[in-house]
Amino acid sequence: MTVIPGLVRRAAAEAERQLREGVGLLVRLGRDLERSAELGRLLPALTERLKILEETVRDQDAELRRVRADLDSLVGQLNDRLLPRIDERMDDTERDLAAVATSLIRTGRDTAGNGARLEAAERRIGDLRTKIAQLEQRSGLWRDLQSNMARLGDDLDAMRSRIPLRAAEPPSESAPAPVQNITDRPA
């Protein structure tokens, strides 16, 4: 009858081993439940932080749009006010120069006494040429400013396009899976 006590001992050892594994499993499940509860408590705070970040990004986007609109308006106003006048002044100065040069050349040939006048006219023509050069330089500076403002607007558009607005997303699949009930586990 030594077989039965050996079987009983093996059955008892197996039962004890399975009880220890069950206790270990219960301890791990308890830790997972505590961790899940802690993550559940943190979820509203993280959701609130996401909402605040989204609002901040929306506010910054609105501000960038306002700056872009202001820049566009400023460039438009400067174009409407300055460029037509600069071109008109250059045209007027060229016409004046041509008229002065023509009249002085005609009258200068007629008399020798007009030598002093010719010199004054030449100085005047030189002054007018200097003014034309200055106006052309200012016009070039204005056109450079206009292109810089346009590039700044484009840079603002590019910056706004790099800041994506996203709606709040549900938790991703990488979040820990909910713990299954022990009775739901497959045998």
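The values are calculated or read from the model by the stated rules, or taken from the named source; none is laboratory data. What you see is a predicted model; the values in this text were computed from it and never measured. Please note: Cβ atoms are built from the backbone with ideal geometry, for glycine as well, and neighbour counts cover all protein chains shown. Ligands, DNA and RNA are stripped out before the accessible areas are found, and what is left, the full protein with its side chains, is counted by its heavy atoms. Shrake-Rupley method; radii C 1.70, N 1.55, O 1.52, S 1.80 Å.
Test Leu7 against the stated conditions and say whether it is of a type outside the set (Val, Ile, Thr), within 53 Å of the chain's Cα centre (by Cα) and either over 30 Å from Ser161 (Cβ atoms) or part of a helix (DSSP H, G or I) (or both). Let's see the steps before the verdict.
Details: of a type outside the set (Val, Ile, Thr): yes; within 53 Å of the chain's Cα centre (by Cα): no; either over 30 Å from Ser161 (Cβ atoms) or part of a helix (DSSP H, G or I) (or both): yes.
No.
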Only one of Ala175, Ala150, Ala168 is small (Gly, Ala, Ser), loosely packed, with under 10 Cβ neighbours inside 10 Å and modelled with pLDDT under 90. Can you tell me which?
Ala168
Consider only pairs whose beta carbons are under 8 Å apart and that are at least six residues apart or on different chains; among these, list those whose first residue lies in segment 122-147 and is closer than 21 Å to Leu78 by Cα and whose second residue is basic (Lys, Arg).
Leu135/Arg89
Would it be correct to say that Asp72 is touching a helix residue (DSSP H, G or I) at 6+ places or on another chain (Cβ under 7 Å) and not hydroxyl-bearing (Ser, Thr, Tyr)?
yes
Inspect segment 13-27 for any residue being within 30 Å of Arg160 (Cβ to Cβ), aliphatic (A, V, I, L, M) and in a helix (DSSP H, G or I) and give the result as yes or no.
no
What number of residues within segment 49-99 satisfy the criterion of being touching a residue at least 24 places away in the same chain (Cβ under 8 Å), open to solvent by 60 Å² or more (accessible area, probe 1.4 Å) and either of a type in the set (A, V, I, L, M, F, W, C) or in contact with a Lys or Arg (Cβ under 6 Å, 6 or more places away or on another chain) (or both)?
3
Return yes or no: is Gln137 open to solvent by 70 Å² or more (accessible area, probe 1.4 Å) and at pLDDT 85 or above?
yes
Failed item, numbered, when Asn79 is tested on (1) within 28 Å of Arg160 (Cα to Cα); (2) out of contact with any Gly (no Cβ under 8 Å at 6 or more places or on another chain); (3) at pLDDT 80 or above:
(3)
Taking segment 22-34, which residues are at pLDDT below 75 and open to solvent by 90 Å² or more (accessible area, probe 1.4 Å)?
Leu26, Arg31, Leu33, Glu34
